[in-house]
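Just so you know, all these numbers are worked out from the coordinates, no wet-lab data involved. It should be emphasised that the depicted structure is a prediction, and the values quoted were computed from it without experimental measurement. Glycine also receives a Cβ, built like all others from the backbone with ideal geometry; neighbour counts cover every protein chain displayed.
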Amino acid sequence: MDVVVTGLGVLTPFGRGAERTFDALVAGRTAIGPITRFDASGHRSRIAAEVTDLEAGNDLPPGDERTFDRFQLMAVLAALDAARDAGLGDGPLGDRAAAIVGTGIGGLETIERNHATLAAKGPRRISPYFIPAAIPNLAAALVSMRLGARAICVSPASACASGAHSIGEALWALRVGRIDLALAGGTEAAVTPLGVAGFGAMRGLSERNDEPARASRPFDRGRDGFVIGEGAGILVLERADHAARRGARVRAILAGYGASADAYHITQPDPEAAGMARSMALALEDAGLAPADVGYVNAHATSTPLGDRLEAKAIRDVFGAKPPPVSSTKSALGHLLGAAGAVEAAIAILALERGMLPPTLNQEDPDPQIELDVVPNEARPHAARFAISNAFGFGGTNATLVFARP
Amino acid sequence: MSQRKHGEAARPAAGGGNGNGLEGRIVAVIARVMNAQPASLGREIRFVEDLNADSLRVMELVLELQEEFSIEIPDEALDKLRSVGDAIGFVQERVAG
């Protein structure tokens with residue numbers, strides 16, 4: 001039984017709507033600029049891809065913007081957009097519809113704010129909404145409530161692979177028939193003082209503060225770390241028979257899912273890139289494809305010196321001497337952490353649908369260790385039948401999704 | 001979040017309330033926490049029954065009243081804070097004293 005994608009919900013620094021983000025990527029625009037949400041002057045990295053206006057309108061009940069964390073609100077808006085795109089309106093979606101929405105961190109801004117209150121005013125001044133706004137699974141829970149999705153409701157956590165794993169785990173639940181429909185994806189809002197300081201302490205972030213638009217340069221020799229971003233991506237996944245019964249438009253087939261662990265290090269990828277390669281190989285096997293069938297790879301590549309080189313190696317190990325075109329849209333969007341895998345899944349689907357590959361920006365000085373066609377700097381018309389999307393997370397956790405044009 | 005109706009209650013204007021002075025300030029806090037128009041908050045309006053507040057929302061109101069007026073509201077008093085009038089009376093008593 002095929003599992004199909006019938007709705008896309010994407011909220012990124014480019015705005016609300018999958019097409020809006022895809023059009024911006026194809027146009028070569030960047031979402032990266034100086035941090036405005038807080039005073040970042042003491043930070044190593046002072047740039048980010050921020051969602052500057054949630055533009056909730058009447059989609060969120062009044063007061064929720066004040067009550068809940070941004071990662072939760074963005075998930076609800078993306079889920080609503082996905083459901084509407086799928087022709088499902090605002091629900092209710094019923095007992096066999098799941099909400100599987102992962103996040104890497106959860107309500108970091110909420111935690112920081114309440115900790116400041118605790119330190120300044122003591123324990124009796126903590127908001128009763130602190131815990132609900134902080135805990136990761138409230139993203140999935142609020143999605144389930146807003147859309148009346150009453151089957152399994154969980155938030156898988158696998159750092160920057162959370163969104164991809166959520167979609168993959170939903171695929172398995174759909175295939176075995178435990179559910180008919182899933183709102184699956186990821187969300188993240190960690191552009192906060194503590195988040196930026198923490199990734200900065202690891203020397204994970206780009207410090208090209210004076211040139212925000214040129215800071216995220218996956219695969220380029222001048223790359224010096226990722227640029228933190230925020231957003232949410234949700235797909236509506238359905239069993240094909242369920243989608244056919246209600247006459248839904250099929251935007252793509254979710255043809256395969258691979259997942260693996262490096263079992264190597266808390267933050268560094270395995271230097272042989274075996275886990276990444278196995279994730280891709282398992283996904284292709286799951287989809288019943290040969291490497292040569294794949295026409296586009298949306299890479300995880302975050303613009304870190306080591307990670308990009310190892311992903312390139314893994315792609316060569318799987319696809320051989322002539323891999324398909326590979327682009328990293330993080331060059332424009334920054335790294336959306338737990339949302340990245342889901343947003344990039346939607347981008348891969350739109351690349352198939354439009355026959356257009358979004359570019360990897362900022363390719364100025366090719367790295368001789370990266371032997372890939374990275375679709376440098378400009379979008380490229382390219383008809384592909386199958387695309388894969390990679391997402392790798394701290395802890396050495398890997399996920400690959402395979403999408404097919406219907 | 002599904003319990004509340006969407007888009008009906010507008011955000012109160014800053015400093016809004018039923019008249020000026022202490023009562024107006026109390027009503028402004030209630031309006032902000034409950035997402036209600038200050039003008040709609042007559043003394044007889046009950047938080048749970050009329051405004052659809054859940055227990056967390058009532059607790060948030062207590063917290064905000066404590067903050068705004070620098071008073072302590074003991075947990076034992078929670079049961080008595082059921083309406084706009086209750087809140088006005090309770091705060092007035094403590095601020096005046």
| request: Using the number of other C-beta atoms within 10 angstrom as an exposure proxy, rank B:Leu81, A:Leu171 with the fewest first. | output: B:Leu81, A:Leu171
| task | Sum up the charges of everything whose Cβ sits under 11 Å from the Cβ of A:Gly233, counting Lys and Arg as +1 and Asp and Glu as -1, but leave A:Gly233 out. | result | -3
| note | For the pair A:Ala383 and A:Gln268, the simple spin-label estimate (label points 7 Å beyond Cα toward Cβ) gives in nm 4.7
| note | With +1 on the Cβ of every Lys and Arg and -1 on the Cβ of every Asp and Glu, the dipole magnitude of the protein assembly as shown about its Cα centre, in debye rounded to the nearest 20, is 480
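What is the order of A:Tyr129, A:Tyr296, A:Tyr264, fewest Cβ neighbours within 10 Å to most?
A:Tyr264, A:Tyr129, A:Tyr296
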| What does the helix-only formula give at 222 nm for chain A: each DSSP H stretch with n ≥ 4 adding -39500 (n - 2.57), the total divided by the residues, and the result rounded to the nearest 500 deg cm²/dmol? | -10000 deg cm²/dmol
| remark: Output ordering of A:301-314, A:269-282 (per-residue mean of other Cβ within 10 Å, highest first) is A:301-314, A:269-282
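If you take every DSSP beta bridge whose two residues both sit in segment A:3-245, what share of them, in percent to the nearest 5, is antiparallel?
Among the beta bridges of segment A:3-245, antiparallel pairing accounts for roughly 65 percent.
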| note | Cβ-Cβ cut-off under 15 Å around A:Gly288, Lys and Arg +1, Asp and Glu -1: the net charge is -2
